[in-house]
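Note sheet for the following structure.
The values are calculated or read from the model by the stated rules, or taken from the named source; none is laboratory data. Just so it is clear, the model here is predicted, and its values are computed rather than measured. Quick reminder, even Gly has a Cβ in these numbers, built from the backbone with ideal geometry, and neighbours come from all protein chains shown. For accessibility, only protein heavy atoms count, side chains too; no ligands or nucleic acids. Shrake-Rupley method; radii C 1.70, N 1.55, O 1.52, S 1.80 Å.
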Amino acid sequence: MFKNILKFFALFTVYNVVADAKVSLDYTNDGVLRKDGECNINFINFGINNDIIDLKIKKENNSNGTFNLLISDLKNANAYLNNKSTGYTFNDNEIKNYVKVSQNGNAIKDIEATAAPHGRFSLLIKNLKSCEGLSIKETFKTDVLINSYLYYSNVKPNGINHAYDIVEFDSAREKCGIYIDYHEFDYTGGAHWKWYLSTDNINNKKCDNPAFYAAVKDSYANYEVMEELFGDHYNGYVIKREGSGIGHMDGILVDQKYLIEIYQNGCDEQNKDQVICTISSNKKLTYKEFTQEFVKNCPSIIEDPKEEVKWSVDENGITAKYDSYSFNITNYNRGALPKNENESVSYKEFKAANSSGIARFNVCTKCGDGTYIGEKCKCVSCPENCTKCLDGKTCTECATGIDNVTEKEEPTESEIFDDEEETSDANDSDIEEEEVTDEPTEVKEEDDDDDIEEATEIENKPKPITKVVVVKKPKTIKKCLIKKN
């Protein structure tokens, strides 16, 4: 017992506190440099101010002249990260995979990470010779999802930091001198750190809001989606994670007060909850203005913007009819469409003085005869001489009736190895007649090898050979009749 106590005491005292001297911080393009006079370390994405100052750093000397460095109370930005679509939850054993340690540009792999309570962890870096050029960066398991909120007030609020995909926060740090700011550890929506990135943080280069957004938007994994939806009208002013497992950006519409979001019924890989186009304006749109702006702003729905269209409106929604297709626009969950040609779009507005109006509508496309709904809800032509079809292979109605086509195939011969020599011929009794009906069928090409037995060598020694003649039955398929000139 006494030996164990001595052993514990020796293990406890082998780590030396690096320094109790006053710690200072330098905010640079490379990160937050923590200087304590003995072991200066650069930290990236671990926070600012006391997040870095209050870190506990200890050295453990090794017999070979190197030392191990133990850093405690680091914030785990990936803590309790949840992905609702897959049911994935971030595991503490993964922390090490998302911490990058380097010294003078060279990666250090000999590290260990140990989870601690309340979203923290400690990092052990082994076999160092000095602290010179030491840098530690925390990366993120998943991209921050962009839920762009601008519906409450179309004005950047005073005090941004309160309670699309972006890959890293390097651009905000390098271009604006803005660093991620961690607040409290929150236990709602899956326990996690609340954090903020905005011009209200340390802002060394005095970036204003447009400069901040210009700096971070290039880091979006799918910025082209935001660009397509909002163009130059959107201006994000803060990236944050608050009360849920999903981070988001808040923003405003620049010089635009009203926004309409258009959703579309799901087709193949396209999600029905996906915004496919937006219409922004400085005023509430009339019925006529709405139809004009719809054609301009929703090219993914309109096949040809120059094609003549017949619009109509009633209490059930707005309908557009083209020669080969039509679509119906209905109310979704915000605002309301006009009910006649003399009304305007109704927007959901809030009590803020400069309220940003929002309306959401759903569009459903209907393809005309000879076409079907394909990828991304576009109308695609049916097979030849097919007036109606389910897809590119399945015809449900022909223009000139159904033609029963009989395809004949020549007998084929194959060889197999057997223990007994024997010859068998397939006869008519082995052939089942295929039933022919008037039901539409899907035409599939037959694999030539389906009815042929492959030659297989069982042993190295010669075997008697059996020849089998396989007579393939005539195959009757149904196709739409094609007129011949």
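Backbone amide hydrogens, once placed in the peptide plane, bring N76 within less than 5 Å of R120, F121, excluding anything fewer than 5 places away on its chain. Report note on the peptides 66-79, 368-381, 196-209, 103-116: ranked by the mean count of other C-beta atoms within 10 Å, highest first, their order is 66-79, 196-209, 368-381, 103-116.
Rank E315, E38 by accessible area, highest first, at a 1.4 Å probe radius? Don't skip to the end; give the middle numbers.
Details: E315 135, E38 100 Å².
Ranked list, largest accessible area first: E315, E38.
All other residues whose Cβ lies under 10 angstrom from that of K240 are scored, Lys and Arg at +1 and Asp and Glu at -1, for a net of -1. Each peptide in 278-287, 302-311 was scored by the mean count of other Cβ atoms within 10 Å over its residues; highest first, the order is 278-287, 302-311.
Need the full-extension length gain, D391 to N340, defined as separation in residues times 0.36 nm minus the C-alpha distance. One decimal, nm. Working shown, then result.
Details: separation 51, 0.36 × 51 = 18.36 nm, distance 3.60 nm.
Stretched out fully, the D391 to N340 stretch lengthens by 14.8 nm.
Counting Lys and Arg as +1 and Asp and Glu as -1, what is the net charge of the other residues whose Cβ lies under 11 Å from the Cβ of N340? Once all neighbours under 11 Å are counted, the net charge is -3. Using a cut-off of 30 Å between Cα atoms, the listed pairs K141/K366; K205/K284; K217/K288; K126/K217; K35/K194; K257/K288 include K141/K366; K205/K284; K217/K288; K126/K217 as exceeding that distance. A Förster radius of 60 Å, combined with the Cβ-Cβ distance separating T400 from D208, puts the computed FRET efficiency at roughly 0.30. Legend: translational diffusion of the range 307-380 by Stokes-Einstein, Rh = Kirkwood radius over C-alpha pairs, 4 °C, 1.567 mPa s; D = 92 µm²/s.
Summing charges over neighbours of E397, with a neighbour being any other residue whose Cβ is under 10 Å away from its Cβ, gives 0 when K and R count +1 and D and E count -1.
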